[in-house]
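As structure tokens, the structure follows; a few thoughts come after it.
The values are calculated or read from the model by the stated rules, or taken from the named source; none is laboratory data. Remember, it's a predicted structure, so these values are computed and weren't measured experimentally. Cβ sites come from the backbone with ideal geometry, for glycine too, and all protein chains shown count toward neighbours.
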Amino acid sequence: MAKGHKSKMEAKKISNGVQEKILVVDDEESIVELLGYNLKKEGFKVIGALDGEKALDLAKTANPNLIILDLMLPGLHGYEVLRLLKKNMHLSHIPVVILSAKTLEEDIDKGIQLGANDYVTKPFSVAEIVIRVREILERKNLTKS
């Protein structure tokens with residue numbers, strides 16, 4: 001195995017041995033399914049939401065370890081979801097990766113300023129998303145120890 005890469009079994013466990021849970025939020029069901037399938041294959045538990053309101057509800061009730069968040073959502077826009085997540089003391093610790101077709105520098109800057117941990121533009125590589133998710137969770141878990 002290449003140095004620095006975790007096996008599937010190592011990727012899905014956090015320090016207390018519980019499977020890591022990823023919340024995927026996108027109004028395109030095919031993207032939620034694609035990412036869900038590939039993240040599950042890598043050992044993660046995945047839950048999905050197709051709009052901002054459901055995303056906030058699941059963030060509060062399902063306790064995800066990381067959120068992949070689209071910006072252009074029906075109802076609550078992704079930036080508003082991110083702002084509300086980071087404003088809530090019970091949710092602000094959850095890392096967020098924005099996945100969006102918005103590619104302008106000002107959009108990316110706004111996402112990072114609102115508290116996103118990473119920003120990936122569409123079209124995207126599933127492998128790249130998996131690597132970024134894994135790296136963010138590894139950093140998060142290192143800061144816990």
Checklist entry - Out of all the residues in segment 65-86, is one or more β-branched (Val, Ile, Thr) and surrounded by fewer than 19 Cβ atoms within 10 Å (Cβ to Cβ)? => result no
Next on the checklist: Condition first: small (Gly, Ala, Ser) and not in a loop (DSSP other than H, G, I, E, B). Now tell me which residues in segment 16-37 satisfy that.
Outcome noted: SER30, GLY36
Item to check | For LYS45: the one exception among (1) touching a Ser or Thr at 6+ places or on another chain (Cβ under 9 Å); (2) of a type in the set (Lys, Arg); (3) within 23 Å of GLU28 (Cα to Cα) | outcome: (1)
Checklist outcome for this item: Within segment 115-145, the count of residues that are modelled with pLDDT of 95 or more, touching a strand residue (DSSP E or B) at 6+ places or on another chain (Cβ under 9 Å) and not β-branched (Val, Ile, Thr) comes to 11
Next on the checklist: For segment 89-109, give me each residue that is in contact (Cβ under 8 Å) with a residue 24 or more places away in the chain, farther than 11 Å from LEU71 by Cα and over 15 Å from the mean Cα position of the chain (by Cα).
Outcome noted: HIS90
Checklist entry - Quick check: anything in segment 102-110 surrounded by fewer than 16 Cβ atoms within 10 Å (Cβ to Cβ) and closer than 19 Å to ASN38 by Cβ? => result no
Checklist entry - Pairs, please: C-beta under 8 Å, at least 6 apart or cross-chain, first residue under 11 Å from LEU99 (Cβ atoms) and in segment 118-136, second among the small types (Gly, Ala, Ser) and at pLDDT 95 or above? => result TYR119/SER100; TYR119/GLY111; VAL120/SER100; THR121/SER100; THR121/ALA101; LYS122/SER100; LYS122/ALA101
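Quick grid of which residues meet (1) at pLDDT 95 or above; (2) within 23 Å of VAL130 (Cβ to Cβ); (3) crowded, with 21+ Cβ neighbours inside 10 Å:
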position	(1), (2), (3)
ALA11	no, yes, no
VAL18	no, yes, no
ASP26	yes, yes, yes
TYR37	yes, yes, no
LYS41	yes, yes, no
LYS45	yes, yes, no
HIS90	yes, no, no
Next on the checklist: Based on this model, can you work out whether LYS86 counts as touching a helix residue (DSSP H, G or I) at 6+ places or on another chain (Cβ under 9 Å) and among the basic types (Lys, Arg)?
Outcome noted: no
